[in-house]
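Nothing in this text is a laboratory measurement; each read-out follows from the coordinates by a stated rule. As the structure is a prediction and not an experimental result, all values here were calculated from the model. All Cβ positions, even for glycine, are placed from backbone atoms using ideal geometry, and neighbour counts span all protein chains on display.
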Amino acid sequence: MPQSLSVVYLHIVFSTKGREPFLQNPQLRGELHRWLGRASGELNCPAEIIGGVADHVHILARQSRTISQADWIKELKRTSSAWIKQRDPKLQNFAWQAGYGVFSVSASDLDGIREYVLNQEEHHKKWSFQDELRALLKSHGEEWDEKYVWD
């Protein structure tokens, strides 16, 4: 095959450091989600949908075949952190947690994940971020150690 093709969808989740509710302002949160979408697109990883609440984000996107997961997420977190601090001087202490979760998404599950990301506000009236991440890890068969997951 003379052309390289890749169709890999990923559900990415990461939190603010210490799960601080830096993103309480809905306007700021919406701007951040749009900004993350553009930044991901510039890395050739087009975002399908981005959502979240005051202390974390969810990104459903198609991964480029030319960038690793680690480099993609590192760049999103680095540049968005700088953008937030520049946009609002009151958020100079803003930081993302060191880690992240990345979950594969089959084409048949795209609509369900889109809906899940879109409805984060409702979802988090019942579930904490920690419980949500534990459920995602469990549903993907991933074992984890609590002392290494939260920062």
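Charging the Cβ of each Asp and Glu at -1 and of each Lys and Arg at +1, and nothing else, the dipole of segment 9-149 about its Cα centre rounds to 480 debye. Averaging the sequence gap over all C-alpha pairs within less than 8 Å and six or more residues apart, then dividing by the number of residues, gives segment 9-149 a relative contact order of 32 percent. Placing a label point 7 Å from the Cα of E122 along the Cα-to-Cβ line, the residues of segment 43-73 whose backbone N sits under 19 Å from it are 49-54, 58-60.
What does the charge count around D109 come to, taking other residues whose C-beta lies under 15 Å from its C-beta (Lys +1, Arg +1, Asp -1, Glu -1)?
Numbers: positive: R62, R114; negative: E48, D111, E115.
The answer is -1.
With the simple model of a label 7 Å out from the Cα in the direction of the Cβ, N44 to L91 spans 3.0 nm. Within the set [x] 53, 33, 28; [y] 40, 39, 31; [z] 55, 38, 25, the number that Cα extents along the principal axes in Å takes when calculated for this structure is listed as [x].
Look at the dipole of segment 111-151 built from charges on Cβ: of W127, G141, G112, the Cα furthest out on the positive end belongs to W127.
The ranking of K17, K125, K138 from fewest to most other beta carbons within 10 Å of each one's beta carbon is K125, K138, K17.
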